[in-house]
1. Name the pairs: first residue in segment 8-36 and closer than 15 Å to residue 72 by Cβ and free of Cβ contacts under 8 Å to residues at least 40 places away in the same chain, second residue surrounded by 13 or more Cβ atoms within 10 Å (Cβ to Cβ) and not aliphatic (A, V, I, L, M), Cβ to Cβ under 7 Å, at least 6 apart or on different chains?
2. For segment 5-29, which residues satisfy the criterion of being surrounded by 15 or more Cβ atoms within 10 Å (Cβ to Cβ) and assigned to a strand (DSSP E or B)?
3. Identify, please: which residue in segment 85-136 is charged (D, E, K, R) and outside any strand (DSSP E or B) and is, among those, modelled with the lowest pLDDT?
4. For segment 84-105, which residues satisfy the criterion of being in contact with an Asp or Glu (Cβ under 7 Å, 6 or more places away or on another chain) and among the aromatic types (Phe, Trp, Tyr)?
5. Is it the case that segment 83-94 has a residue that's of a type outside the set (Ser, Thr, Tyr) and closer than 24 Å to residue 17 by Cβ?
6. Could you figure out which of (1) small (Gly, Ala, Ser); (2) at pLDDT 95 or above; (3) under 21 Å from residue 64 (Cβ atoms); (4) out of contact with any strand residue (DSSP E or B) (no Cβ under 8 Å at 6 or more places or on another chain) isn't true of residue 153?
7. Please list, ordered by first then second residue, the pairs with beta carbon atoms under 6 Å, 6 or more apart or interchain, first in segment 49-69 and under 16 Å from residue 147 (Cβ atoms), second at pLDDT 95 or above and of a type in the set (Lys, Arg).
8. What tally of residues in segment 30-82 results from selecting those that are over 23 Å from residue 154 (Cα atoms) and part of a loop (DSSP other than H, G, I, E, B)?
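The values are calculated or read from the model by the stated rules, or taken from the named source; none is laboratory data. Source: prediction; values computed, not measured. Quick reminder, even Gly has a Cβ in these numbers, built from the backbone with ideal geometry, and neighbours come from all protein chains shown.
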Amino acid sequence: MKFVAVASLPGVILIEPLLFEDGRGFFMEMYHKEKFSEGGISEVFVQDNLSRSEMGTLRGLHYQLDRPQGKLIWTIEGEIFDVAVDIRRQSPTFGKWHSTILSGKNKRGIYIPPNFAHGFCVLSDAAVVFYKCTEFYSPSHERAIRWDDPTLSIDWPILTPNLSEKDEGAEFLKDAELPSLDSLG
């Protein structure tokens with residue numbers, strides 16, 4: 001496995017797995033505690049999630065207060081435009097974002113640390129996304145930032161996404177309740 005730190009957002013790490021392919025298909029490791037620790041990801045993951053979304057769906061930008069989640073994300077089928085946003089007010093990269101294409105073809109993964117917002121939009125007919133979390137999902141702690149917040153200026157590849165009610169009503173970054181100092185990592 002190859003672990004590539006994202007220079008523009010410290011803590012965000014791209015993962016390029018070692019792929020074994022032959023006429024029958026392929027094999028790859030999606031998680032190996034020792035290798036990930038050597039690659040800079042030593043967190044303990046406590047919950048696995050799987051979602052399937054149709055083309056044009058945008059999920060995010062989500063995060064949790066007080067119980068922040070680090071996320072290890074893979075796209076099993078299809079293709080997504082994946083985004084991490086630094087929402088730590090005291091960070092020198094506050095409000096900065098990084099995007100990457102994750103797909104069933106390129107088999108890349110990404111690690112997004114706690115106290116970052118995460119979102120993605122589906123570029124293919126459908127996409128199946130698998131992610132591991134470092135904290136349990138807590139509806140009472142979940143928050144969202146508007147996907148089209150002008151202060152972030154994320155260059156989303158879709159103009160009129162299919163959004164959930166929660167994402168349609170998300171706060172702008174300037175108004176959002178963000179992690180407190182004592183929860184920052």
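1. 29/17
2. We begin by selecting, within segment 5-29, every residue surrounded by 15 or more Cβ atoms within 10 Å (Cβ to Cβ); these are 6, 9, 11-15, 17.
Once the filter is applied, which keeps residues that are surrounded by 15 or more Cβ atoms within 10 Å (Cβ to Cβ) and assigned to a strand (DSSP E or B), segment 5-29 yields 13, 14, 15.
3. 89
4. Within segment 84-105, 94 is the sole residue that qualifies.
5. Looking for residues that are of a type outside the set (Ser, Thr, Tyr) and closer than 24 Å to residue 17 by Cβ, one finds at least one in segment 83-94, hence yes.
6. That leaves (3) as the condition not met.
7. Listed by first residue and then by second, the contacts come to 63/143.
8. 13
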